[in-house]
Structure formats: C-alpha cells, structure tokens
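Peer 1: Structure below; questions to follow.
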Amino acid sequence: EVEDDRLILRFNDGAFADPFGPAAMSDGTLKLFAFLVVLYDPDPPGLLLVEEPERQLYPGLLIELAEELRQYAKRGGQVFITTHSPEFLSACEIDEVVWLEKEDGFTVARRASEMELVRNLVDEGESLGAILRMDEFRTAARL
C-alpha cells in the first residue's frame, strides 16, 4: 500500500482479523523479514555481509535462516557471516565455516574442513556448535 509516496507494509496472520503494521511485531520478526527481502530481491547484491544474524532472532529460526542464506549462495550470491552462536554454527556445513583468530597481531583464517580435530569430531557426530562450545576450534587452530 502506498501513502504519501511511502510504502506501507501491513502483515496478515490468521490469528488476527485485520492486517497489522510493523510496530506490532517483534524486532526479531522484522529482522527475519528484512533478511528475506534482501535474499529474494530480484536484483540482489553480489556480496552479502551479515554480522551476528542470531541477534534478536528466536534460536529455532537460525536453522531456517542458515538454509535461506545457503540457497542465496547457490543462486550465485556470495555470503560472509560472522557469528558467535553455537546454534547458528550447528546449522552450517563444515565446508562453509572458516575460523578467524588473532595470532601475533594478525588475523589468521582456517577452513574448518582443513582442521583435523574439528573434521574428526564432525565425523564422530559432533555438531559444529558443540565443537565451538567445547572450545575445540581454538584447540584445533593450535595443532
């Protein structure tokens, strides 16, 4: 709907008789909606940078968001995500994860799939989130 040259969004939910505006929605729902708008833009940016997508999102939605980002990348977009969330990391594949750590004043990047300890733990059934919680990425980086 357009008013005064502004686009007005109204949302429908089966539990409500009338559409409602963004002010009636949680910050997390609005953030997820914004992600989806960007991810399904017909002329999307070539590179999408996302810092801590887990902030303000219900943890159960992180798996779905990770899949949406993965599909965006499969359609040709590049995605770079920073996270500290074990839940989000658990929704990722080992070949999608790069561990960044400072060493001697410089940032060193290591692919999780090339870190033998991490690869072995994943092969044994551990999730990447559990590996992060156990601090094994840091241990693997020192091996």
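Peer 1: Report the relative contact order of segment 14-143, percent, no decimals, based on alpha-carbon pairs under 8 angstrom and at least 6 residues apart.
Peer 2: 19 percent
Peer 1: If you add up the charges near ASP95, with Lys and Arg at +1 and Asp and Glu at -1, over every other residue whose beta carbon is less than 12 angstrom from its beta carbon, what do you get?
Peer 2: Counting the neighbours of ASP95, the net charge comes to 0.
Peer 1: Counting only heavy atoms of protein chains, what accessible area per residue, in Å², does segment 84-128 have with a probe of 1.4 Å?
Peer 2: Result: 64 Å² per residue.
Peer 1: Can you give the percent of C-alpha pairs in segment 67-109 whose distance is more than 12 Å?
Peer 2: 69 percent
Peer 1: Stretched out fully, how many nm does the piece from GLU52 to VAL98 gain, at 0.36 nm a residue minus the Cα gap?
Peer 2: Extending this stretch completely gives an extra 15.1 nm.
Peer 1: Within segment 90-110, what residues put their amide N at less than 12 Å from the label point 7 Å along the Cα-to-Cβ vector of MET134?
Peer 2: none
Peer 1: Now, a different point. How much net charge surrounds GLU126 when only other residues with a Cβ under 11 Å from its Cβ are counted (Lys, Arg +1; Asp, Glu -1)?
Peer 2: Net charge in that neighbourhood comes out at -1.
Peer 1: Given a 1.4 angstrom probe, I'd like the percentage of the accessible area of segment 77-143 that is carbon and sulfur, rounded to a whole number.
Peer 2: 48 percent
The values are calculated or read from the model by the stated rules, or taken from the named source; none is laboratory data. Please read all numbers here as calculations on a predicted model, not as lab measurements. Every residue, glycine among them, receives a Cβ derived from its backbone with ideal geometry; neighbour counts consider all protein chains shown. Just so you know, the surface numbers come from the protein's heavy atoms only, side chains and all, with ligands and any DNA or RNA stripped out. Shrake-Rupley method; radii C 1.70, N 1.55, O 1.52, S 1.80 Å.
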